[in-house]
Amino acid sequence: MDPLLISEILLLVGLSAICSGLNVSLMSLTVGDLSRRAKLGDESAMRILPLRRNSHLSLAAILLTNVAVISTTSLVLEHHYSGLIAGIASTLLIVVFGEVFPQALFTRHAMSITSMFAPFLRLMIVITYPFSKPLQLLLDQLFGHEAARLHSRQELGIILTEQLGQGDSELDKDEIDIMKGALSLSEKRVREIMTPIDRVYWVTPHTVLDGAKIDEIKDRRWSRIPVLSADMTQAIGMLHMKDLVDIDFDHQTVRVDDLPLHHAKSVGVMTALDTLFRRFIAGSTHLLLVERDGEIVGIVTIEDLIEEIIGQEITDEADEIRGF
């Protein structure tokens with residue numbers, strides 16, 4: 001076989017392979033993923049991103065070049081062999097070495113290979129520009145620009161779970177559990193994490209504080225005591241234990257409403273947990289009363305919210321004393 005013919009066929013099939021592989025690998029990379037990688041300083045992503053954003057122009061240039069190469073391959077073979085043999089040979093060469101193998105290779109290493117051939121793709125765009133640009137404008141008009149693909153909470157949770165057991169993942173199990181817990185906040189309600197009012201120690205404005213009552217409160221180990229109306233329909237305030245340290249209750253009694261009370265803030269029982277998080281921040285507090293139909297039905301603390309996010313109960317010394 002003529003060495004010149006072999007060289008021509010190898011060159012043409014190689015060009016077809018590059019075009020076919022680029023076509024698949026470029027479109028397998030999403031604009032969103034490339035943008036995130038580019039922001040992190042990934043040079044490969046920065047080279048590919050402009051070509052992927054203008055996907056219709058890149059696609060038109062690749063396909064026009066590939067069609068031209070395939071047609072030239074058939075003409076070269078037909079010049080040396082009969083039409084049937086030339087057709088079979090060109091088909092086999094293009095399908096096997098110009099389509100199947102390169103597409104399998106390029107998709108496996110899409111980022112690195114596409115980045116390597118980015119200058120060649122730009123050259124194809126320049127050469128085919130008189131034809132690829134009108135095609136791009138037509139495709140833009142017919143199909144518009146590619147919309148950003150957003151993941152649902154469930155999809156993000158699955159993506160995070162897939163990181164487990166992967167040796168090259170930068171995330172450990174605790175980090176993944178915390179992120180998955182944060183993703184579910186908007187789907188959960190305060191009623192799921194609150195402490196019911198029948199488990200809450202609270203007092204009324206008319207409660208008399210003496211030595212025995214203070215000892216009872218101290219045994220509960222609470223730093224804040226809700227002050228509610230007797231029928232639990234009104235939040236009067238919040239009694240902070242730190243405000244009582246200078247009072248000698250063994251020699252005097254004090255009514256709760258004679259003491260300085262802090263403003264008590266509340267949330268609805270159906271408040272989403274992400275909204276609850278903002279309420280804690282805005283209210284500069286770590287305990288909120290929970291209301292339902294005008295009645296106080298429980299309390300919720302920042303600790304309850306953190307436990308829900310991390311998926312584990314936080315037990316301190318006071319909890320152990322209380323038997324929780």
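Any idea of the accessible area per residue across the chain, 1.4 Å probe, to the nearest Å²? Mind showing how you got there, number by number?
Values: 19160 Å² over 324 residues.
Spelled out: the 1.4 Å probe surface of the chain, per residue, equals 59 Å².
Taken over region 6-161, the convex hull of the Cα atoms encloses 141 Å³ per residue.
Neighbours of ARG149 by Cβ distance under 11 Å: Lys/Arg scored +1, Asp/Glu scored -1, total -3. Sites count as exposed loop sites when they are GluC sites (Glu not before Pro), lie in a DSSP loop, and have at most 14 other Cβ atoms within 10 angstrom; the longest stretch of the chain without one is 1-145. One chain, two ends: ILE281 and LEU150. Fully extended at 0.36 nm per residue, the span grows by 44.3 nm beyond their Cα-Cα distance. Straight-line reach from LYS265: taking Cα to Cα under 28 Å and skipping same-chain neighbours fewer than 8 places apart, the lysines in range are LYS188, LYS213, LYS218, LYS242.
Note on the chain: helix-only mean residue ellipticity at 222 nm, from DSSP H runs of 4+ residues weighted -39500 (n - 2.57) and normalised by residue number, equals -17500 deg cm²/dmol.
Split the accessible area of the chain by element, probe 1.4 Å, and carbon with sulfur accounts for 58%.
Simple rule: put +1 on each Lys or Arg Cβ and -1 on each Asp or Glu Cβ in the chain, find the dipole, and look at ALA61, SER229, THR285; the Cα lying farthest toward the positive end is ALA61.
Using only alpha-carbon positions, what ratio does the radius of gyration of region 1-79 give when scaled by 2.2 N^0.38 Å? Could you put the intermediate results ahead of the total?
Values: Rg = 16.5 Å, N = 79, 2.2 N^0.38 = 11.6 Å.
Taking N as the residue count of region 1-79, the ratio is 1.42.
For LYS173, a cut-off of 15 angstrom between C-alpha atoms picks up these aspartates and glutamates, skipping any fewer than 8 places away in its own chain: GLU162. About the centre of its Cα atoms, region 101-188 shows a dipole size close to 480 debye [charges on the beta carbon of Lys, Arg (+1) and Asp, Glu (-1) only; nearest 20 debye].
Dipole of the chain computed with +1 at Lys/Arg Cβ and -1 at Asp/Glu Cβ about the Cα centre; of VAL300, ILE48, SER186, farthest Cα towards the positive end is ILE48. A Cβ-based charge dipole, computed about the Cα centre of the chain with Lys and Arg at +1 and Asp and Glu at -1, lands at about 1740 debye.
The values are calculated or read from the model by the stated rules, or taken from the named source; none is laboratory data. Treat the numbers as computed from the prediction; the structure is a model and nothing was measured. Backbone-built Cβ (ideal geometry, glycine too); neighbour counts: all protein chains shown. Just the protein is used for accessible areas: all its heavy atoms, side chains included, with ligands, DNA and RNA removed. Shrake-Rupley method; radii C 1.70, N 1.55, O 1.52, S 1.80 Å.
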